[in-house]
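Contents: one structure, followed by commentary.
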Amino acid sequence: MQYTREQVLHMAPDDASAKAGQQLANSSKWTVKCISDTALWGDCQGSGKNPYKTIVDLTNIAFKCSCPSRKFPCKHGIGLMLLYTQQADVFSTATDIPEHVTEWLAKRQEKEVAKEQKEAKPVDAAAQAKRATARKKKVDAGIGELRIWIRDVVRAGIMNIPQQSHQFYLNITARMVDAQAGGLAAQLRQINTINFYTEGWQRMLLRRLAALYLITEAYQRIDDLPEAMAQELQTLIGWTTAKEEVLQSQPVSGTWAVLSVTMEEEGNIVTERSWLYNKSDGRFALLLNFYAGNQVPQALLVPGAHITADVVYFPGIHPLRALIKEQHSLPHSHIDITAGHSLRSMYHELSAGLTENPFKEQVPFVLNEVYIHVTEATWLLSDGDNDGIALSNTTETCWQMLAFTKGKTCSCFGVYERDHFQILSLWADHKTYFVK
Amino acid sequence: MITDEIIKAALLGTDKYMPEPSVLLQETGAKIAALPTDKEDRLLKLAITTLWYEEAGRIPLKVANRLPECPPETNPEASEKRCSLVRSALLAKEDAWLAYLVYTIAKAGEVLSSDLVPLILDKALSNRKTAPVLIKICGQAGQWLCGLNTQWQIFFREEEENTWETGHIDQRKEYLKNLRQADPAMAVTLLEQTFASENAATRLAFLELLSDQLSPADEAFLQSLSKDKSQKVKETATAFLRRIQGSALNKRYLEYALNVIHIKEERHLLVYKKKILELDAGVQPDEELFKTGIDKISRNKGVPDYIYILGQVLQEIDPAILAGRLDITDAELIALLLAHKEAKHLLMFLSSAATTFRNKAWALALLPQPGIQDISLLDALQPAERPDFYGQFIDHNLPQLLTYILDDDYSTLSLPLSEALLQFLSRNPYQVTQPIYQRLALHLPAQAKPMLENFVQDSREDYQTRYFRTQALEMLRIIDLKNNLH
């Protein structure tokens with residue numbers, strides 16, 4: 001097993017699970033501790049009569065546990081892996097893999113095959129067209145209402161919105177959900193990220209409303225738009241492209257570095273964002289996974305890992321969202337990417353990108369020879385030309401990043417969004433810091 | 001600025017205000033203005049073109065000065081594994097384990113990887129007592145970051161010149177404590193200058209700091225406190241005066257003790273002489289003695305008054321001085337006192353004297369005595385001499401005993417003592433808290449693991465057994481972590 005302690009802890013869904021996992025990295029808690037080429041498994045004595053049976057698929061990292069936890073991976077999975085990183089000698093190398101382990105590994109294999117078969121399954125075109133027409137009708141109606149709502153807000157003025165900032169968009173958001181325009185609903189929900197207690201909220205709110213209006217305006221002319229832009233627009237409104245369909249598109253092969261893996265929980269949904277970087281052509285790929293309730297992720301990527309993979313992109317203009325078609329882990333190596341961007345060239349690229357796709361909000365960049373700067377509680381990323389951009393990372397993270405760099409130049413990966421840059425990983429001198 | 005105009009219109013509402021198009025976007029603005037739509041549509045389109053136009057032309061900010069770089073570390077960095085364990089311990093709030101990791105890193109003269117330093121500095125802020133050792137392992141990065149963050153600056157702030165005059169109570173106490181250690185007389189001089197102007201609680205707090213390095217030089221100041229308004233201050237000053245060997249008060253005690261205690265030599269079997277100690281019950285103490293805090297009547301049933309008075313006096317006299325005045329050694333004196341028929345009534349006082357004056361001979365003689373429960377006698381012994389006596393304090397003085405056992409050097413306990421402790425704790429698992437169990441695990445030898453494993457396998461389901469089983473499991477985990485650290 002090639003995972004380090006830090007990487008295992010990074011897999012924990014939250015700090016509580018990481019802490020509980022550490023408590024379970026205790027040889028005495030595990031009555032069975034075994035490893036084979038493909039899996040790691042153990043029996044952990046909990047408070048009940050029967051021990052929990054935990055399995056980790058080491059080929060394509062995945063967890064299985066008989067405990068009732070809804071978290072994934074559960075503390076037992078984390079604990080078992082941590083124990084292996086701490087005391088590999090207490091694990092016996094199994095020649096006979098127990099039935100429950102082989103059964104689960106086989107099932108995973110079967111699922112892979114079933115997925116491939118599903119990919120090949122032909123679609124009922126007529127039914128699909130009927131559904132599409134019905135949906136378009138709903139979306140059209142929804143978009144019409146959204147345009148009226150936005151105009152009403154502007155007519156009345158936004159001055160009093162801070163007093164009702166949490167409610168004023170709720171009805172129209174629900175209406176967009178009903179109209180099957182989930183993308184628009186999600187963008188309306190973004191209004192709650194605006195801090196109405198700080199100066200500048202007026203501009204941010206107007207920008208958000210204007211962006212939504214621009215989408216509706218463009219939608220009215222969708223038939224005249226180039227195909228890629230139309231696809232982009234449809235995605236923004238809420239049309240999804242079936243994964244099976246995406247998986248059948250032309251893959252981009254190469255060696256990919258996993259630059260960042262972050263989890264964000266909102267309501268009952270956990271959003272996992274994994275950013276990959278193709279070392280041969282410099283393309284980024286964003287793997288987005290949504291987990292609701294006790295949904296179990298199929299595979300986990302560890303930040304800092306390198307994989308060879310066939311990546312397929314969702315349709316759009318310079319798309320970022322992607323899926324992995326096939327992947328193989330590579331031995332551990334340090335992240336070392338030279339992208340040749342300065343902050344000024346980044347801004348140039350952003351301007352050019354905006355003319356191609358005015359809807360693009362998040363743009364990933366790798367920047368080299370940059371440094372972290374703080375002045376009067378404002379955190380900046382700066383480069384050798386003394387150009388800078390404000391950071392949107394939390395103050396706590398900024399201090400950790402500054403400490404990591406020791407005020408020296410480093411390379412970083414992050415995402416530009418609305419004149420701010422969010423650093424997701426930093427590297428210098430063969431060391432990497434990942435923002436969780 | 002057109003953007004301000006657009007925002008103004010958005011704030012007030014289009015019924016009240018409509019902006020003119022931007023000069024820079026005149027052509028587009030004119031097209032929008034000519035649209036046969038409502039004002040709201042035109043404002044939103046104006047906003048889109050203006051805001052997007054601005055965004056497309058954004059340029060980076062200018063950064064005037066660059067931060068100074070962190071100076072290179074002079075000490076080596078702790079291993080990746082150790083740093084990772086520190087991060088996990090911080091995350092899991094395992095303070096006992098974290099303290100051990102910090103100790104090992106500091107002992108090895110290493111520093112943490114710099115990205116951990118902010119977390120450690122925050123930890124130091126939340127627990128000032130452990131701050132010095134935490135700061136030590138932060139190395140140059142710690143000092144550098146403290147210079148940049150006002151919250152952390154306190155860790156490297158140079159002592160201000162007027163701390164005594166303007167500092168808050170904790171700073172002033174720290175200042176006086178340090179001065180007392182460096183220059184005891186100067187500390188008294190400083191205290192004399194402001195003592196009268198302090199409130200009662202502060203006077204008492206400062207006075208208590210003088211207990212370190214008491215000497216006859218303090219006598220005049222302490223005597224001057226006999227007229228203090230605070231009863232507690234007066235009592236504390238008198239208690240110090242009683243303890244200062246050579247003070248007028250202490251001389252009176254010594255004089256009384258020498259009047260009561262007589263050492264005689266008797267010939268035994270016509271061959272050798274044997275010293276015997278006699279206590280003169282007929283010596284009447286000076287009435288003034290009872291105005292210094294000495295009780296005239298015994299508080300303990302069955303203890304004669306003269307023994308009780310002698311005991312109170314003896315606990316204020318340095319055994320070595322008393323022995324010298326009696327022309328015997330302190331070891332001989334304690335042996336004679338213990339051989340006396342009233343010895344059992346004096347034990348408590350003798351033990352107090354041995355502790356106060358750190359008299360090793362007396363402590364070694366007293367510790368094996370049945371009925372001795374004063375664990376502070378161990379203070380009179382060297383750390384290496386103490387473990388022989390730990391066992392006798394397990395049953396009745398465990399919390400205090402643990403303060404000796406769980407030392408700052410993480411000394412490993414002997415197997416018999418470990419077993420005795422674990423046996424006792426298995427019967428009384430709630431005597432100590434969970435963090436203490438974790439700390440204890442760091443002192444247990446690896447050979448104690450089989451015993452802990454037996455406790456883990458104890459299948460009884462009463463709540464005490466279950467609780468101790470959990471603690472035993474946790475101790476096993478920590479022992480494993482410790483053993484795998486190196």
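We did not get these values from a lab; they are worked out from the coordinates using the rules stated. None of these values were measured; they are calculated from a predicted model. Here the Cβ is made from the backbone with ideal geometry for all residues, glycine too, and neighbour counts use every protein chain on show.
Percent of Cα-Cα pairs more than 22 Å apart in segment B:1-148, please.
In whole percent, the share of Cα-Cα pairs in segment B:1-148 beyond 22 Å is 59.
Using only C-alpha atoms and all pairs of different ones, pull out the Kirkwood radius for segment B:163-244 in Å with one decimal.
About 12.6 Å for segment B:163-244.
Filter the chymotrypsin sites (Phe, Trp or Tyr not before Pro) in segment A:341-436 down to the DSSP loop ones having no more than 13 other Cβ atoms within 10 Å, then list what survives.
The qualifying sites: there are none.
Quote the Stokes-Einstein diffusion coefficient, in whole µm² s⁻¹, for segment A:150-306, based on the Kirkwood radius over alpha carbon pairs, a temperature of 4 °C and a viscosity of 1.567 mPa s.
The Stokes-Einstein estimate is 70 µm²/s.
Ratio of alpha-carbon Rg to the 2.2 N^0.38 Å globular estimate for chain B, to two decimals, please.
1.55
Can you work out the Karplus-derived ³J(HN,Hα) for every residue in segment B:39-56? Use 6.51 cos²θ - 1.76 cosθ + 1.60 with θ = phi - 60°, whole Hz, and x for glycine or proline.
4, 5, 4, 5, 5, 5, 5, 5, 5, 4, 5, 6, 5, 5, 4, 4, 5, 5
What angle do you read, to the nearest 10 degrees and between 0 and 90, between the alpha-carbon axis of helix B:117-126 and the longest principal axis of chain B?
Computed tilt is about 50 degrees.
Regarding segment A:125-237, what is the average projected area of its C-alpha convex hull, in nm²?
Computed as one quarter of the Cα hull surface, the answer is 7.5 nm².
Restricting the calculation to Cα positions, tell me the Rg (one decimal) and the Dmax (whole number) of segment B:80-156 in Å.
Expressed in Å, the Cα Rg and Dmax of segment B:80-156 come to 11.2, 31.
For segment B:145-207, what are Rg and Dmax over the alpha carbons, in angstrom?
When restricted to the Cα atoms of segment B:145-207, Rg and Dmax are 13.8, 42 Å.
Rounded to the nearest 500 deg cm²/dmol, what is the calculated helix-only ellipticity per residue at 222 nm for chain A, with -39500 (n - 2.57) per DSSP H run of length n ≥ 4?
-11500 deg cm²/dmol
What list of ³J(HN,Hα) values in whole Hz, one per residue of segment B:288-294 in order, does the Karplus curve 6.51 cos²θ - 1.76 cosθ + 1.60 (θ = phi - 60°) give from phi, with Gly and Pro shown as x?
Rounded to whole hertz, the list is 4, 4, 7, 8, 10, x, 8.
Per Stokes-Einstein, at 20 °C and 1.002 mPa s, what whole-number D in µm² s⁻¹ belongs to segment B:251-381, with the Kirkwood radius over Cα pairs as the hydrodynamic radius?
141 µm²/s
Give the cross-link partners of B:Lys234 among the lysines, using a straight C-alpha distance below 25 Å as the criterion and excluding same-chain residues fewer than 8 apart.
B:Lys173, B:Lys177, B:Lys251, B:Lys291, B:Lys296
Kirkwood hydrodynamic radius of the protein assembly as shown from all distinct Cα pairs, in Å?
The answer is 34.6 Å.
Answer rounded, prolate or oblate for segment A:235-315, using the Cα gyration tensor with square roots of eigenvalues a ≥ b ≥ c: rounded when a/c is under 1.5, else prolate when a/b is larger than b/c, else oblate.
Note, shape of segment A:235-315 comes out oblate.
Considering only C-alpha atoms, what is the centroid distance from segment B:243-274 to segment A:403-436, in Å?
Rounded to whole Å, the Cα centres lie 78 Å apart.
Amide H neighbours of A:Leu424 under 5 Å, counting only residues 5+ apart in sequence or on other chains, H built in-plane at 1.01 Å?
Excluding prolines and chain starts, which carry no amide H, the hits are A:Phe413, A:Gly414, A:Val415.
What is the Cα coordinate range of segment A:281-392 on the first, second and third principal axes, sorted by size from largest, in whole angstrom?
Per principal axis, max minus min of the Cα coordinates gives 44, 35, 34 Å.
Counting other C-beta atoms within 10 Å, and keeping those with at most 13, which DSSP coil trypsin sites (Lys or Arg not before Pro) do you find in segment B:138-231?
B:Arg157, B:Lys229
So what's the convex hull volume per residue for the Cα atoms of segment A:1-147, in Å³?
For segment A:1-147, the hull spanned by Cα atoms encloses 194 Å³ per residue.
Rounded to whole Å and ordered largest first, report the semi-axes of the equivalent ellipsoid of segment B:196-257 derived from its Cα gyration tensor (root of 5λ).
Listed largest to smallest, the semi-axes of segment B:196-257 are 22, 11, 9 Å.
Using the Karplus equation 6.51 cos²θ - 1.76 cosθ + 1.60 (θ = phi - 60°), what ³J(HN,Hα) coupling, rounded to whole Hz, does each residue of segment A:28-37 give in order, writing x for Gly and Pro?
Listing the rounded values in order: 5, 6, 9, 7, 10, 9, 9, 9, 9, 5 Hz.
Just to confirm the number: angle between the C-alpha axis of helix B:184-194 and the first principal axis of chain B, 0 to 90 degrees, nearest 10?
The helix B:184-194 is inclined about 70 degrees to chain B.
Find how many whole Å separate the alpha carbon centroid of segment A:323-363 from the alpha carbon centroid of segment A:174-237.
What the calculation gives is 23 Å, centre to centre.
Mind checking the angle between helix B:231-243 and chain B's longest principal axis? C-alpha axes, 0 to 90 degrees, to the nearest 10.
50 degrees
About the Cα centre, and with charges only on the beta carbon of Lys, Arg (+1) and Asp, Glu (-1), how big is the dipole of chain A? Nearest 20 debye, please.
Magnitude of the dipole: close to 1160 debye.
Based solely on C-alpha atoms, express the radius of gyration and the Dmax of segment A:341-436 in angstrom.
12.9, 38
List the residues whose amide H sits under 5 Å from the amide H of B:Val111, counting only those 5 or more places along or on another chain, with H placed 1.01 Å from N in the peptide plane.
Residues meeting the amide H criterion: B:Glu77, B:Ala78.
Translational diffusion coefficient of segment B:2-56 at 20 °C, 1.002 mPa s, Stokes-Einstein with Kirkwood Rh over Cα pairs, in µm²/s as a whole number.
194 µm²/s
Name the longest site-free stretch of chain B, where the excluded sites are GluC sites (Glu not before Pro) in a DSSP loop with no more than 11 other beta-carbon atoms within 10 Å.
B:162-460
Taking a cut-off of 18 Å between Cα atoms, list the lysines near A:Lys138, but don't count ones fewer than 8 places away on the same chain.
Within the straight-line cut-off, A:Lys138 pairs with A:Lys130.
Lysines near A:Lys406 by alpha-carbon distance under 16 Å, same-chain residues fewer than 8 away left out - which ones?
Output for A:Lys406: A:Lys431.
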